[in-house]
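The values are calculated or read from the model by the stated rules, or taken from the named source; none is laboratory data. Everything numeric here is computed off the predicted structure, so don't read it as measured data. Glycine gets a Cβ as well: all are built from the backbone with ideal geometry, and neighbour counts include every protein chain shown.
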There are 2 protein chains.
Amino acid sequence: MPYHPLLARIGVRLPIFQAPMAGTSTPAMAAAVSDAGGLGAIGVAAESTEGATRLIRATQALTSRPINVNLFCHRPAVPDAAVEAAWIARLKPQFDSFSATPPTQLREIYQSFRSNAAMTAMLLETRPAIVSFHFGLPEEDQLRALRQAGIILFGSATSLVEAQALAVAGLDAVVAQGYEAGGHRGVFDYAAPDDRLGTLSLVRLLARNLPLPLIAAGGIMDGAGIAAVLKLGAAAAQMGTAFVGCPESAADQGYRVALASEAAWHTTMTRAISGRPARCLANRFTKMAQSVPDSAIPDYPITYDLGKALNAAAKAKGEFGFGPQWAGQGAPLSRPMPAADLVKLLAAELAAA
Amino acid sequence: MPYHPLLARIGVRLPIFQAPMAGTSTPAMAAAVSDAGGLGAIGVAAESTEGATRLIRATQALTSRPINVNLFCHRPAVPDAAVEAAWIARLKPQFDSFSATPPTQLREIYQSFRSNAAMTAMLLETRPAIVSFHFGLPEEDQLRALRQAGIILFGSATSLVEAQALAVAGLDAVVAQGYEAGGHRGVFDYAAPDDRLGTLSLVRLLARNLPLPLIAAGGIMDGAGIAAVLKLGAAAAQMGTAFVGCPESAADQGYRVALASEAAWHTTMTRAISGRPARCLANRFTKMAQSVPDSAIPDYPITYDLGKALNAAAKAKGEFGFGPQWAGQGAPLSRPMPAADLVKLLAAELAAA
């Protein structure tokens, strides 16, 4: 079966795309994947413009192949001092148990790419082959500038309505993110009803109702999974969890150990770590969050300021169970090995499938 | 690609299995599917032994091909008069709005197949080629008797732990039911934590960890979906929602109209209709249930007694929005046509995929 023309257009040989994974992907990982014939990616959503520039330049220094740079396009946070103070108070016993003091105030730690002129100018300067968006779309003038610079644009969708918005905005491909997927769920508005479409259903619904190339994400861990989503009509598979265990990943030891353990069999969607729904290995943080009413959780990414502080306090005492151990439902199928070897293995499995 | 040996063993030509769907499938549907080369099925969980006998005999009168007879193996209901009275009181305003009176007491309307000697004897007498179980397993002596009669046994699983229990019990194949699937979720214990595994993840996890043939269920609506789950390692695809719109289905007009409308784009998992989690088109019943705490809902199938009464009261006034309009996430891809034509179309799409 010949691959989808999207691959030739972006200059990638294999329908194997590494998910951007802000905080976990690295220039070494992205370069290894792209050099092996897949599409490597780095997530720069947690970075300042300077930090993002460094990451992109570092990746470009390692590979001349196309890479995908991912940005978050969330609505800027709506602060609520009362909710935030109550959230700090609620988590204070956890800090106490690690002999730590929570921050007295929470900050909006990530700036949205939406209307971010400096970041846009930096992308026009560094010119990654692909720029992709999560949580929605940037402004029209940003899209126009990126497109005029010859950059190919992907957007993430969890429903047909979101995918149609990406199509109207003129994007080149849609990352169809199923409910199985690890990490942040790409819903544009996390407060809106969510049909929680699984990867299989979502990809098929979009394939039958949208004229754009699809990149399937969520639960794909091996060549059989890639072959399956190609049959559903996807141009490629995007895989995150599969790469978390690679030596090139920035995952800490607690995250790696959990992913390689029985803990991988249980993931859960939680808003308590960052403020947005994200799929995580069930751990001490997600357990604590089970009894928390949604209305008690501050807006994204304000919540993440406290989540990161709690994780740091816990890690300082050797407890890794409060980390953002993002993982998809296929986590037990993780195979830790160098990223280039993993791409080769996936390609061989795909050819055999 | 040659099909899995399971198909030859059960004497079926195509990897297209119609889901049993108690209350919606009919002898005419099952016979049409089996005659077209798939595996037709009838769900007899809502029937007395006499009713089940009639359904099986009626199907056997229409086809000499293998059929699958499905039974529910839930734990018998635990009544709680206070919860049930409060549940009736909570739904009374809905009955009032249809000028109807709710029942004063709720009954356990379905007997479990577990320990049901009369039903077991009837199956030994009627000898369908396949008997399948939902919500768990019957007793060992029941399994032994059915197996000794040469009946092939399927069980339903939503997790590896459940699938392993089916393997230990010696079943012949596992229906891997993903979170996308319409109708009753097959979890053995609905009060236990549920990882909500999507079809893609579940099938792949089981394929890599279980020595039994798999039948994938959940979100599969067309030949591309069937081809995808075969790539994941399934022996066959089981499809329910795809057959609801067939003329042979017992679905009422309200259900058919909803399934063919924009309403198909939104399904939700609810326990409020029957007492067990089941995926339904979002309708007036599921909307009402959104604000209901789980603890307010009686045990299965006691809840269903009131759910059916409310639906009957609403339908008597022309309101179909309280029906158990079970549907999977692929519902918008439904194509109403005679069951035999649908099997032919699916087979052609699969061959082309």
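Taking the conditions exactly as written (outside any loop (DSSP other than H, G, I, E, B), within 14 Å of another protein chain (Cβ to nearest Cβ) and either on the phi < 0 side of the Ramachandran plot or among the charged types (D, E, K, R) (or both)), does B:Ala242 satisfy them or not? Quick ask: steps written out before the conclusion?
Values: outside any loop (DSSP other than H, G, I, E, B): yes; within 14 Å of another protein chain (Cβ to nearest Cβ): yes; either on the phi < 0 side of the Ramachandran plot or among the charged types (D, E, K, R) (or both): yes.
Against the criterion (outside any loop (DSSP other than H, G, I, E, B), within 14 Å of another protein chain (Cβ to nearest Cβ) and either on the phi < 0 side of the Ramachandran plot or among the charged types (D, E, K, R) (or both)), B:Ala242 qualifies.
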#### Entry: Count of the range B:316-353 residues which are within 14 Å of chain A (Cβ to nearest Cβ) and touching a Pro at 6+ places or on another chain (Cβ under 9 Å)
1
### Task
Take the range A:193-215 and flag every residue that is in contact with a Leu (Cβ under 8 Å, 6 or more places away or on another chain) and either free of Cβ contacts under 8 Å to residues at least 40 places away in the same chain or surrounded by fewer than 24 Cβ atoms within 10 Å (Cβ to Cβ) (or both).
A:Leu197, A:Gly198, A:Thr199, A:Leu200, A:Val203, A:Arg204, A:Ala207, A:Arg208, A:Asn209, A:Leu210, A:Leu212, A:Pro213
### Message
So if I check each of A:Pro336, A:Pro298, A:Pro293, which one is buried (at least 23 other Cβ atoms within 10 Å of the Cβ), out of contact with any strand residue (DSSP E or B) (no Cβ under 9 Å at 6 or more places or on another chain) and not aliphatic (A, V, I, L, M)?
### Response
A:Pro298
### Query
Condition test on A:Ala314, is it in contact with a Phe, Trp or Tyr (Cβ under 6 Å, 6 or more places away or on another chain), surrounded by fewer than 23 Cβ atoms within 10 Å (Cβ to Cβ) and of a type in the set (Gly, Ala, Ser)?
yes
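Answer yes if at least one residue in the range B:82-105 is under 20 Å from B:Gly186 (Cβ atoms), out of contact with any Cys (no Cβ under 9 Å at 6 or more places or on another chain) and among the aliphatic types (A, V, I, L, M), and no otherwise. Please lay out each step first, then the result.
The initial filter retains those residues of the range B:82-105 that are under 20 Å from B:Gly186 (Cβ atoms), namely none.
There is no residue in the range B:82-105 that is under 20 Å from B:Gly186 (Cβ atoms), out of contact with any Cys (no Cβ under 9 Å at 6 or more places or on another chain) and among the aliphatic types (A, V, I, L, M).
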### Query
Would a scan of the range B:53-63 turn up a residue that is closer than 23 Å to B:Gln142 by Cα, surrounded by fewer than 16 Cβ atoms within 10 Å (Cβ to Cβ) and without any contact (Cβ under 8 Å) to a residue 12 or more places away in the chain?
yes
### Query
Taking the range A:115-134 only, how many residues are farther than 13 Å from A:Glu47 by Cβ and touching a Leu at 6+ places or on another chain (Cβ under 8 Å)?
7
### Test: B:Ala228 is in contact with a helix residue (DSSP H, G or I) (Cβ under 6 Å, 6 or more places away or on another chain) and at the interface with chain A (Cβ under 9 Å from one of its Cβ atoms)
yes
#### Entry: Candidates B:Leu200, B:Leu281, B:Leu214, filtered to the one that is touching a Phe, Trp or Tyr at 6+ places or on another chain (Cβ under 9 Å), within 14 Å of chain A (Cβ to nearest Cβ) and modelled with pLDDT of 95 or more
B:Leu281
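Take the conditions small (Gly, Ala, Ser), in contact with a strand residue (DSSP E or B) (Cβ under 9 Å, 6 or more places away or on another chain) and more than 13 Å from chain A (Cβ to nearest Cβ) and apply them to B:Gly186. Does it pass?
On the way: small (Gly, Ala, Ser): yes; in contact with a strand residue (DSSP E or B) (Cβ under 9 Å, 6 or more places away or on another chain): yes; more than 13 Å from chain A (Cβ to nearest Cβ): yes.
For B:Gly186, the condition - small (Gly, Ala, Ser), in contact with a strand residue (DSSP E or B) (Cβ under 9 Å, 6 or more places away or on another chain) and more than 13 Å from chain A (Cβ to nearest Cβ) - is met.
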### Query
If you scan the range B:18-35, which residues turn out to be surrounded by fewer than 24 Cβ atoms within 10 Å (Cβ to Cβ) and small (Gly, Ala, Ser)?
B:Ala22, B:Gly23, B:Ala28
### Task
Just name the residue that is surrounded by the fewest Cβ atoms within 10 Å (Cβ to Cβ) out of those in the range B:245-269 that are away from chain A (no Cβ under 13 Å) and in contact with a Ser or Thr (Cβ under 6 Å, 6 or more places away or on another chain).
B:Ala250
#### Entry: Answer from A:Pro93, A:Pro102 - the residue that is modelled with pLDDT of 95 or more and either assigned to a loop (DSSP other than H, G, I, E, B) or touching a helix residue (DSSP H, G or I) at 6+ places or on another chain (Cβ under 6 Å) (or both)
A:Pro102
